1. To make sure I understand the rule: partners must be aspartates and glutamates, Cα under 17 Å from the Cα of residue 364, and not fewer than 8 residues away in the same chain. Which ones qualify?
2. Assuming 0.36 nm per residue, please report the length gained on full extension of the stretch residue 377 to residue 88 beyond their Cα-Cα distance.
3. If I take R0 = 30 Å and measure r between the Cβ atoms of residue 342 and residue 111 in this structure, what FRET efficiency does the formula 1/(1 + (r/R0)^6) give, to the nearest 0.05?
4. Local charge sum around residue 278 (other residues, Cβ-Cβ under 11 Å, Lys/Arg +1, Asp/Glu -1)?
5. How far apart, in nm, are two points set 7 Å out from the Cα along the Cα-to-Cβ line at residue 8 and at residue 35?
6. Provide the packing ranking of 106-112, 396-402, 12-18, 187-193, i.e. peptides ordered by the mean count of other C-beta atoms within 10 Å per residue, highest first.
7. What number comes out for the charge environment of residue 349, summing +1 per Lys or Arg and -1 per Asp or Glu over other residues with Cβ under 11 Å away?
8. Ranked highest first by average number of other Cβ atoms within 10 Å, how do 25-36, 128-139 line up?
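Where a number appears in this text, it was derived from the coordinates with a stated rule and is not lab data. Quick caveat, the model's predicted, so the values are computed rather than measured. Every residue, glycine among them, receives a Cβ derived from its backbone with ideal geometry; neighbour counts consider all protein chains shown.
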Amino acid sequence: MAVKLTPKQRLERSHIQLMRSQQFALLSGIIMLGESKVVEGLPTAATNGRDKYYGAEFIDTLSEKELNFVVAHENFHVLYKHLTTWKHLDKIDSRLTNMACDYVINQQIIDLDPQENIVAVPDIGCLIDPQFRGWDTGQVFDHLHRNQKQNQSQPSSGSCKSGGSGDESDGNSGNQQGSFDDHQWDEVETMTQEEKKALSEAVDQAIRQGDILAGKLAGNRAREIGAIPEPKVDWREQLRDFVSSSTQGRDSTTWRRPNRRWLAQDMYMPSPYSESVGPVVIGVDTSGSISQNQINEFLAEIKSIADDMPPERMHLLYWDTQVAGEETYMAGEYASLVQSTKPAGGGGTDPRCVQGFVEKMHTKPDFVLMLSDGYVSAWPEFGVPTMWAMTTKETAPNAVNIRLN
């Protein structure tokens, strides 16, 4: 006769199964971070961005694989730093923010184990919609928020297994918070900046630990590269004016664009321009708010730059709160960039780490290009001409801003 395990024992077994699996070994360090508690009277599960809580009675309603799904769900909230990264959205609409976080996580869990070898989607009213595959929480929130304004109808809630359409949802799917679990935003509200920084660093360290184990198991590593899409920006056009106005060298002149300095005096003179680009620094945001699809989109833009106006030397940096990856390419090496590059990161978002890198360079770059979603903790001053290419409507001061959508 099989011995019935207690909820605590079942939770411990779930941790072990996830940590030993190729699909979810990346969560290993996060699972060990903070506390994981079984709580009497908790309706489902909850997290404060570090600790994870599971209702004892709730655990008893789940199968082994369904419990694995719930545990993975809570730990992905911590891995992506959802409660600190998206606190500003919670102040706008807490329910939609909860929904957006869950849409992102649930779809990723399904995609990691589509055959349900380790996890199974529980029928508890959680949120899944394939249209949000590869989106980040900010993008899903914007979609839901726009839709809520356009459509004030109240559709019936659906279960995880049947899914629900983000186009139809107004934010009322699932429970009253739009999520099967509790996101404890109030605890984040009381945290000091020092405490938030310490938590961010602890999560970063836990991600690195999990990434090491995932590598040993030949499992899902952080930031694997998929198909590279077509670039959205005409970088030759964008960089021509930018380079000619920011670089010291002037290779030639062109009559196609009149020199604005002389137009005021009714004189039509050629404009100087440069077709050559010296050393550049390109910083790619790989923080927790950046999806893998976005990284692939950033790489598409970088490849387009390398093809259209190859710089003399490119310092390619992957950053979150620190420079997590540094690669240098010279003219003639760009053809293999997409195949050889190894994006890294997944923590918080502080581009000042790139500023520190630039300040230490002996030869200053002609310019710095930053690719990001714009959800940053500060806007650094690089001391050289700067361009930000962003997927949102955020605007960096003292820089040229380009939209990637």
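1. The qualifying aspartates and glutamates are 312, 326, 327, 381.
2. Net length gain for the segment: 102.9 nm.
3. 0.90
4. Every neighbour counted, the sum reads 0.
5. Using points 7 Å along Cα→Cβ, the separation is 1.2 nm.
6. Peptide ranking by packing, descending: 106-112, 12-18, 396-402, 187-193.
7. Local charge sum for residue 349: -2.
8. Top of the packing list down: 25-36, 128-139.
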